[in-house]
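Colleague: Let me begin by handing over the structure; questions about it come next.
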Amino acid sequence: MQAAVDVSALEALRQLQRPGRPDGVARIVTSFLDESQVRLDALRQAVATGDATALERAAHAMRGISGTVGANEMHDLAMRLEQIGRTGHTAGAAGLVTDLESALASARPIFDRLRDGL
Amino acid sequence: MRPTLDHPQPPVKHAPRPSAEAAHRPPTIIDVAAYAGVSKSVVSRVLRADPAVSPARREAVLVAAEALGYRPNAVARSLVQRRTFNVGVIVSDLHNLFFAEILDGIAAAASTAGYKVLITSGNLDQAIESVALETLLQLRTDGIILAGSRLSAAAVRAASRSVPIALVTSGIRAPGVDTIATDDVKGAWLAVEHLVSLGHSRIAMVDGGADPGSAERRRGYGTAMHEFGLGGHIEIAAGDFTEDGGWRGARGLLHGPTRPTAICAANDLAAIGALNAIAEAGLEVPRDVSVVGYDNTALAALRHVALTTVHQPRFQIGEMAMTALLRRLQRPAARSRHDLLVPSLVIRQTTAPPTL
């Protein structure tokens, strides 16, 4: 079973960076955390309004960025939300959005440490 | 393929370390995708500046590409997209700052559109320019801008059948060929009007010869002289768009039977030549002879030159030429467009009322 968060790829990327250059991994993590919040807001809004298209779109974006940084649990939840949205309904999405929020809250300290180079 | 319910896109698999073999070859788009945790197509979209890619993923691709030292394979890209993303520019004279400033405008617009610019010079010689044109055609540039071209209309027409052509400061008209120029008739008229307003009547012109724009400037000069009742004073000396041409033309005028009190030069370079000829004749500018240039290049603005001149919006001309090419690439069959920009006069220190 894969870990909820796997930052080994980002750590490998950090090792590739040339000394003296700005920390690109910190930029990726910052961007991911900022964008996750925006996508979560969009997911909540989509569930509240019953907008399946918006749900699918926001979930698709969330799945993409989660996969990029190795946030596996978030990735899987987003994929399930995307599948729900694609059915044209939002039934069952609210709980998954809550789970997604929790997954982000759990992952955040790991990404914060990674961003800060700790 | 867009993922479906039955075929959801699998989580992106990272490849944190390249193989030993990979370490000895240039990084590829696949390496970047693996390190960035995205698909190859996302890398491709980021490199094309596709705004639909999310910021976090774009950041990941850019960081991975930089860390790996990845350079997009331009040849492969051109094969796929059937474009080289190069445009060629032939300027008639690299020594003339007028063209340098036009190139700035072209380069800026090209860069914004993701194009590279290949620059070459016709060296004020039709044969050399023909070779330069052939070279750019062989390099499969996506379009060519000819600035101050000396090529024949037939040569331009022939080239335009292979690749979009935009002409800067050219009187040539050909189907599907767009042109950008300044209203040179008006520009020369402004120069004469300024000199007349200062009280000059013996206003001569150093001509640009057969170079593009010369005929229009000649016409503007003649029209203005007639309009201000000075038709009897029209005097045009042979010259060209070089410093030497201006020097020769002015020298002839200064040693003629009736020395002019003002000279309109074919361009700024020719005006510099005229200034030299005036100094060599022991005369002073503007006390004895006023001089007006044309183009308003950086040369004219130099403090110790301070040339009164006709301004052409060179950067804008360059931008418009590149825009015309891009437009033509989108719509090859569109009707030719001929943009004419309005010149203005910049008064500095080489003009003054004539000494009575």
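The values are calculated or read from the model by the stated rules, or taken from the named source; none is laboratory data. If you're wondering where the values come from, they're calculated on a predicted model, not measured in any experiment. Glycine gets a Cβ as well: all are built from the backbone with ideal geometry, and neighbour counts include every protein chain shown.
So that you can scan it fast, the table gives a plain yes or no per residue for (1) surrounded by fewer than 16 Cβ atoms within 10 Å (Cβ to Cβ); (2) within 12 Å of chain B (Cβ to nearest Cβ); (3) modelled with pLDDT of 95 or more; (4) touching a helix residue (DSSP H, G or I) at 6+ places or on another chain (Cβ under 7 Å):
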| position | (1), (2), (3), (4) |
| --- | --- |
| A:R21 | yes, yes, no, no |
| A:R39 | no, yes, yes, yes |
| A:L55 | no, no, yes, yes |
| A:G70 | no, yes, no, yes |
| A:H75 | no, yes, yes, yes |
| A:G85 | no, yes, yes, yes |
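Colleague: Restricting attention to segment B:40-58, and to residues there that are surrounded by 18 or more Cβ atoms within 10 Å (Cβ to Cβ) and not in a helix (DSSP H, G or I), which single residue is farthest from the other protein chains (Cβ to nearest Cβ)?
Modeller: Ranking the candidates gives B:V53 first.
Colleague: Could I ask something else about it? Hey, among B:D104, B:D125, which residue is more than 14 Å from the chain's Cα centre (by Cα), outside the structural domain of B:A270 (by TED's automatic domain parsing), of a type outside the set (K, R) and surrounded by fewer than 19 Cβ atoms within 10 Å (Cβ to Cβ)?
Modeller: After applying the criteria, what remains is B:D125.
Colleague: How many residues does segment B:26-39 contain that are part of a helix (DSSP H, G or I) and either farther than 17 Å from A:G24 by Cα or assigned by TED's automatic domain parsing to the domain that holds B:A113 (or both)?
Modeller: Residues meeting the conditions: 2.
Colleague: Additional query: Can you name the residue in segment A:23-36 that is of a type outside the set (G, A, S) and touching a residue at least 60 places away in the same chain (Cβ under 8 Å) and is also nearest to the other protein chains (Cβ to nearest Cβ) among such residues?
Modeller: If we take residues in segment A:23-36 being of a type outside the set (G, A, S) and touching a residue at least 60 places away in the same chain (Cβ under 8 Å), then A:F32 is nearest to the other protein chains (Cβ to nearest Cβ).
Colleague: Exactly one of these conditions fails for B:T258: (1) in contact (Cβ under 8 Å) with a residue 40 or more places away in the chain; (2) buried (at least 22 other Cβ atoms within 10 Å of the Cβ). Give me its number.
Modeller: Only one criterion in (1) in contact (Cβ under 8 Å) with a residue 40 or more places away in the chain; (2) buried (at least 22 other Cβ atoms within 10 Å of the Cβ) is unmet by B:T258, namely (2).
Colleague: Further question: Of B:L133, B:L118, B:L137, B:L94, which residue is buried (at least 18 other Cβ atoms within 10 Å of the Cβ) and either outside the structural domain of B:T297 (by TED's automatic domain parsing) or touching a residue at least 12 places away in the same chain (Cβ under 8 Å) (or both)?
Modeller: Of the residues listed, the single one that is buried (at least 18 other Cβ atoms within 10 Å of the Cβ) and either outside the structural domain of B:T297 (by TED's automatic domain parsing) or touching a residue at least 12 places away in the same chain (Cβ under 8 Å) (or both) is B:L133.
Colleague: Checking B:A181 against (1) of a type outside the set (F, W, Y); (2) closer than 24 Å to B:I278 by Cα; (3) in contact with a Leu (Cβ under 9 Å, 6 or more places away or on another chain); (4) at pLDDT below 95, which single condition isn't satisfied?
Modeller: Every condition holds for B:A181 apart from (2).
Colleague: Taking interchain pairs and intrachain pairs at least six residues apart, which have beta carbon atoms under 6 angstrom, with the first residue in segment A:53-80 and in contact (Cβ under 8 Å) with a residue 40 or more places away in the chain and closer than 24 Å to A:D112 by Cα and the second β-branched (V, I, T) and outside any helix (DSSP H, G or I)?
Modeller: A:T68/B:V38; A:G70/A:V7; A:A71/A:V5
Colleague: Could you grab the pairs with beta carbons closer than 8 Å, sequence gap of 6+ or different chains, first residue in segment A:106-118 and more than 22 Å from A:P22 (Cβ to Cβ) and modelled with pLDDT of 90 or more, second one outside any helix (DSSP H, G or I) and not basic (K, R)?
Modeller: Close Cβ pairs (under 8 Å, with a partner that is outside any helix (DSSP H, G or I) and not basic (K, R)) amount to A:S106/A:A4; A:S106/A:V5; A:A107/A:A4; A:A107/A:V5; A:A107/A:A71.
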